[in-house]
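Trainee: Starting off with a structure, shown below.
The values are calculated or read from the model by the stated rules, or taken from the named source; none is laboratory data. Please read all numbers here as calculations on a predicted model, not as lab measurements. Cβ coordinates were reconstructed from backbone atoms using ideal geometry, including for glycine residues, and neighbour counts include every protein chain displayed. These accessible areas exclude ligands, DNA and RNA; they are computed on the full protein's heavy atoms, side chains included. Shrake-Rupley method; radii C 1.70, N 1.55, O 1.52, S 1.80 Å.
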Amino acid sequence: MKLNKELFKDQFLEKLMTMHVKSLEETSNAERYRTLSSLVRDYISKKWIASDQHYQQEGSKQVYYLSIEFLIGRMLGMNLLNLGIYDLCKEALAELGISLDVLEKAEEDPGLGNGGLGRLAACYLDSMAAESLPGHGCSLRYRYGFFEQKIVNGYQVEVPDNWLDQGFPWEFKRSDQTVSVNFGGNIRVVSNDKLRYLHENYDTVFAVPYDVPILGYKNDTINTLRIWSAEASEENFICSTADMLDCVTSMEYTKTVESLSSVLYPDDSAYEGKVLRLKQHYFLVSASLQSIIKNYKQRALPLDHLADYIAIHINDTHPALAIPEMMRILIDVEEMGWDEAWKITVNIFSYTNHTVLPEALEKWPIDMIQNLLPRLYLIINEMNERFCHELWNRYPGDWDKIRSMAIISDHTIHMANLAIVGSHSVNGVAQIHTEILKTRVMNQFHQFYPTRFNNKTNGVAHRRWLLKINPRLSSLLNESIGSSWISHPCDLLKILKYADDHVFQEKLARIKRYNKSRLAEHIRDVQGIRIDVDSIFDSHIKRIHGYKRQTMNVFHIMHLYNLLRENPDLDIIPRTFIFGGKAAPGYHLAKQTIKLINTLATVINKDKSIRDKIKVVFIENYNVTMAELIIPATNVSEQIPTASQEACGTGNMKFMMNGAITIGTLDGANIEIRNVVGDNNIVFFGLTANEVLELHEHGGYNPWDVYNKDERIKTVLDQLINGFFPVGTDEFKSLFESFLYHNDQFFVLKDFASYADAQLRLDQQYRNRNQWLSMCVHNIAHSGKFSGDRTFTEYAMDVWNMNPTISPQCYCSNDDKFTSRLHGCAFTSKLQQTISSNNIHVPH
Ligand code: 26W
């Protein structure tokens, strides 16, 4: 029976009673949230089975996206939206006196990720389901997330993120699909008719899968995110009342095993922590591959056709052990020869690199892998020998090159090298990033495997990052251009015709103001800070890191504050500077940056003399949910990394989608945003990537030159250590020294003047209201290119060799190969009609 409000209300009340044995009035919001999610679970289950069966019947190729993080965010609202029952439930609940908004807020953010890489993985799951592509995620079920950030006296304090405390209603435990993962032990080689490698004396850990449904948008597709939890095997658990010692040992054993999936990114500063991370990686890949192969075998397809029916994507190198693990399964379990197994493996795997920061390129000491994964070590060794042999044939005698490309060198296993050698496709996440990989970081590999490298500029889930989080803007879009953009995001271009329409612009301005008032209320309620909704909301939200240059933003605010103290009548548009982000627990300078922002906030926010012209807010515990509140409320999006260092960035895309103007450096996707919106609709400044890289090659520059020449910078830097702030003069000493005594690694001082100029330009542009609003419209209109639907379609076609049901993202792609493959697709002509009938200019 089709769901209607009355039926829904009956089902909801019935469920509430059976789950909690209470009347409606007696239940808390948390209980009502659990009731609603349980009901939605019921709606999902049937569709999930049908979706799975459909894939089986179709014999579709499946893609598995292996990632150590999936930062999925709250699910209730998105699931209702995807099922097409959001409004129905909202109204029905309202009739029961319940606010759906309030129930949505009762949901904890799942602690399954920490940053850009994890959020991207979640966006792709959403896009794949929306396009009915059989794409599934595999990850770990961390008992505790990254950490919960508390700000105490301005400092970041990390407390455990106990996100599973109240249960996670969206997961389905599948004990029957548990697999074993083996660690340690030794390998015995036996030879009868052929060599066999027997793994003995290992420790077994059970991997128990929990499946989370991933819903497509109103299309009945439900894919799966499978997260694995570590449990002790029963045979190792001996506990009799007769022998308490056994009991204690067994309990300790259980604890050790469970620690495997207990926390995301355990502290790896000591040896034990490193081992734990390695164990997590192997646990993820071994469990996932076993279940993928098991599933494949149930389809009764021949093993030598594995690569025709499955694709496995490695999200950065954390899951790269999947490559030797696949070899182990094919050779040891399925008894294939090396050459055949290798061919299949390379055809199955593809790898995305997400960062060029040298400290993030993973390496493992040989002995760690030897001890923990003895069979995998032998396989990696064999891979390395064969690869070095190929290198030798190509570059005879060039030992330096062979050493730097080898998988194993200097007693270390280089995971990026392993991932490149074992995959048929390697990609960067923005054009400039891919160029840097090809010409610098992975240049030797690019020369060796020129066709293996390709670019896939990231994209974000516009149904979450626009439709869901900005309902008023979505309604305005629907009224003005229809709702086709929800499934075909490039249709957003249709609003270009309203770019200079004052009525449309004013509607847009009202929506932004409303979103700002929501954020202002939150900040007032949680932090007790009053901010002016008519000030420019300027947001810098992302992980706190030297290269992301929160410090440059802070220095500029300090400079503005200095000007205002001298002249409170200074003619600037009032601004509220909003920061949010976590620092890695061991990253001292990043933690000092947080303390600096908070200290500056206390000083500025209480200084009456500057007449509220600027305010500073640091949002505690920045996460997906906070991003959802901040992004629609933002006027200015700070995207100011040292050029060449930000692989892509995805926050920049979410902001433009919601009509914020980017102030940014020429890096990552900022460049591609400029290419679509044009120079007039974005504010750029600073060194280019080439300039930065050249300076780096020549040992940097002398920051003292800037300090001595630029009075503004001198004042601001001195204020860090001269008692200007109400903290000890040593508080920011290491930060101070990082700029002047450690060579300003991220070129903050070098870019400061150009940044300050750009901020002035922005202030001027904001004064011309119609021009500013027109800029906002241009940004929203061109954001369709940055939908994950476009990116994943490119992956599906170019990398995974699948046939997605293509939507008209077609023209958003600048990639000739891609567009030519799409040439003649039904959508292209529909799109051309859209473009010509709306007189739309499509930039190239
Ligand atoms: C702690 C080990 C570690 C090292 C690196 C964990 C996670 C990483 C990631 C590779 C870092 C990351 O999240 N990179 C970001 O990936 C986004 C998605 O592609 C990009 O948009 C960001 O620019 C990039 O910083």
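Trainee: Kindly indicate the residue of the stretch 288-309 that is small (G, A, S) and modelled with pLDDT of 95 or more and also least open to solvent (accessible area, probe 1.4 Å) among those meeting that condition.
Mentor: The first filter runs over the stretch 288-309 and keeps only residues small (G, A, S), leaving 288, 291, 300, 307.
From what's left, modelled with pLDDT of 95 or more: 288, 291, 307.
Details: S288: 1, S291: 24, A307: 19 Å².
In this case the residue turns out to be S288.
Trainee: Restricting the search to the stretch 97-118, which residues are within 14 Å of the ligand (Cβ to nearest atom) and touching a strand residue (DSSP E or B) at 6+ places or on another chain (Cβ under 8 Å)?
Mentor: The initial filter retains those residues of the stretch 97-118 that are within 14 Å of the ligand (Cβ to nearest atom), namely 112-118.
L112, L117 - these are the residues of the stretch 97-118 that are within 14 Å of the ligand (Cβ to nearest atom) and touching a strand residue (DSSP E or B) at 6+ places or on another chain (Cβ under 8 Å).
Trainee: Name the single residue, out of those in the stretch 600-639 being in contact with a Gly (Cβ under 6 Å, 6 or more places away or on another chain) and within 16 Å of the ligand (Cβ to nearest atom), that is nearest to N567 (Cα to Cα).
Mentor: Among those residues, the one meeting the criterion is Q639.
Trainee: Which residue, of I380, I420, I369, is within 16 Å of the ligand (Cβ to nearest atom) and in a helix (DSSP H, G or I)? Lay out the reasoning, then the answer.
Mentor: Details: I380 fails: within 16 Å of the ligand (Cβ to nearest atom); I369 fails: within 16 Å of the ligand (Cβ to nearest atom).
On inspection, the qualifying residue turns out to be I420.
Trainee: Return the residues of the stretch 304-335 that are over 25 Å from N803 (Cα atoms), of a type in the set (D, E, K, R) and in contact (Cβ under 8 Å) with a residue 60 or more places away in the chain; say none if nothing qualifies.
Mentor: Once the filter is applied, which keeps residues that are over 25 Å from N803 (Cα atoms), of a type in the set (D, E, K, R) and in contact (Cβ under 8 Å) with a residue 60 or more places away in the chain, the stretch 304-335 yields only D332.
Trainee: So P319 fits all but one of (1) part of a loop (DSSP other than H, G, I, E, B); (2) open to solvent by 20 Å² or more (accessible area, probe 1.4 Å); (3) within 15 Å of the ligand (Cβ to nearest atom); what number is the exception?
Mentor: Condition not satisfied by P319: (2).
Trainee: Further question on the same structure: List pairs: first in the stretch 497-514 and among the acidic types (D, E), second open to solvent by 50 Å² or more (accessible area, probe 1.4 Å), Cβ under 8 Å, 6+ apart or cross-chain?
Mentor: Close Cβ pairs (under 8 Å, with a partner that is open to solvent by 50 Å² or more (accessible area, probe 1.4 Å)) amount to D500/N770.
Trainee: Sort out which residues of the stretch 161-202 are open to solvent by 90 Å² or more (accessible area, probe 1.4 Å) and assigned to a strand (DSSP E or B), and write them in order of number.
Mentor: Of everything in the stretch 161-202, those that are open to solvent by 90 Å² or more (accessible area, probe 1.4 Å) and assigned to a strand (DSSP E or B) turn out to be K173, R188, L195.
Trainee: Restricting the first residue to the stretch 354-383 and requiring it to be over 21 Å from R188 (Cβ atoms) and in the same structural domain as D268 (by TED's automatic domain parsing), which pairs with a second residue that is more than 16 Å from the ligand (Cβ to nearest atom) and polar (S, T, N, Q) meet a Cβ separation below 9 Å and a spacing of at least six or different chains?
Mentor: K363/T412; W364/T412; P365/T412
Trainee: Can you spot a residue in the stretch 385-407 that is open to solvent by 20 Å² or more (accessible area, probe 1.4 Å), away from the ligand (no atom under 16 Å from the Cβ), at positive phi and not acidic (D, E)? Walk me through how you get there before you give the answer.
Mentor: Step one: of the stretch 385-407, the residues open to solvent by 20 Å² or more (accessible area, probe 1.4 Å) are 385-386, 388-390, 392-401, 403-404.
Add one more test, that the residue is away from the ligand (no atom under 16 Å from the Cβ), and what stays is 385-386, 388-390, 392-401, 403-404.
Right, trim to at positive phi and you get 397.
After this cut, where a residue has to be not acidic (D, E) as well, the list is 397.
Yes: one or more hits.
Trainee: Given the condition in contact with a strand residue (DSSP E or B) (Cβ under 9 Å, 6 or more places away or on another chain), of a type in the set (S, T, N, Q) and farther than 21 Å from I293 by Cα, answer yes or no: does some residue in the stretch 175-193 qualify?
Mentor: Taking the stretch 175-193 first, the residues in contact with a strand residue (DSSP E or B) (Cβ under 9 Å, 6 or more places away or on another chain) are 175, 177-190.
Still in the list and also of a type in the set (S, T, N, Q): 175, 177-178, 180, 182, 186.
Imposing the further condition that a residue be farther than 21 Å from I293 by Cα reduces the set to 186.
Yes, there is a match, as at least one residue in the stretch 175-193 is in contact with a strand residue (DSSP E or B) (Cβ under 9 Å, 6 or more places away or on another chain), of a type in the set (S, T, N, Q) and farther than 21 Å from I293 by Cα.
Trainee: Residues that are part of a helix (DSSP H, G or I) and either on the phi > 0 side of the Ramachandran plot or more than 16 Å from the ligand (Cβ to nearest atom) (or both): does the stretch 273-281 have at least one?
Mentor: From the stretch 273-281, those part of a helix (DSSP H, G or I) are 273-281; that's our starting set.
From what is left, the residues that are either on the phi > 0 side of the Ramachandran plot or more than 16 Å from the ligand (Cβ to nearest atom) (or both) are none.
No, every residue in the stretch 273-281 fails to be part of a helix (DSSP H, G or I) and either on the phi > 0 side of the Ramachandran plot or more than 16 Å from the ligand (Cβ to nearest atom) (or both).
Trainee: For G700, are the conditions met, namely being open to solvent by less than 30 Å² (accessible area, probe 1.4 Å) and modelled with pLDDT of 95 or more?
Mentor: No; evaluated as a whole, the condition is false for this residue.
Trainee: In the set E646, E638, which member is outside any helix (DSSP H, G or I), in contact (Cβ under 8 Å) with a residue 40 or more places away in the chain and open to solvent by less than 10 Å² (accessible area, probe 1.4 Å)?
Mentor: Details: E646 fails: open to solvent by less than 10 Å² (accessible area, probe 1.4 Å).
Within the list E646, E638, the selection yields E638.
Trainee: Let me ask you something else. Name the residues in the stretch 680-712 that are hydrophobic (A, V, I, L, M, F, W, C), under 34 Å from the mean Cα position of the chain (by Cα) and either within 29 Å of K606 (Cβ to Cβ) or assigned to a helix (DSSP H, G or I) (or both), would you?
Mentor: Our first condition is that a residue be hydrophobic (A, V, I, L, M, F, W, C); within the stretch 680-712, this holds for 682-685, 687, 689, 692-693, 695, 704, 706.
Then keep just the ones that are under 34 Å from the mean Cα position of the chain (by Cα); that gives 682-685, 687, 689, 692-693, 695.
If the condition is that a residue be hydrophobic (A, V, I, L, M, F, W, C), under 34 Å from the mean Cα position of the chain (by Cα) and either within 29 Å of K606 (Cβ to Cβ) or assigned to a helix (DSSP H, G or I) (or both), then A689, V692, L693, L695 are the ones that fit.
Trainee: Note down all Cβ pairs under 7 Å where the first residue falls in the stretch 51-74 and is under 25 Å from A627 (Cβ atoms), the second is aromatic (F, W, Y), and they're at least six residues apart or on different chains.
Mentor: Listed pairs, sorted by first residue: Y65/Y124.
Trainee: Inside the stretch 119-149, can you point out the residues that are among the polar types (S, T, N, Q), away from the ligand (no atom under 16 Å from the Cβ) and open to solvent by less than 10 Å² (accessible area, probe 1.4 Å)? Steps first, answer last, please.
Mentor: Pass one, the stretch 119-149, residues among the polar types (S, T, N, Q): 127, 132, 139, 149.
Now drop any that are not away from the ligand (no atom under 16 Å from the Cβ), which leaves 132, 149.
The answer is Q149, and nothing else.
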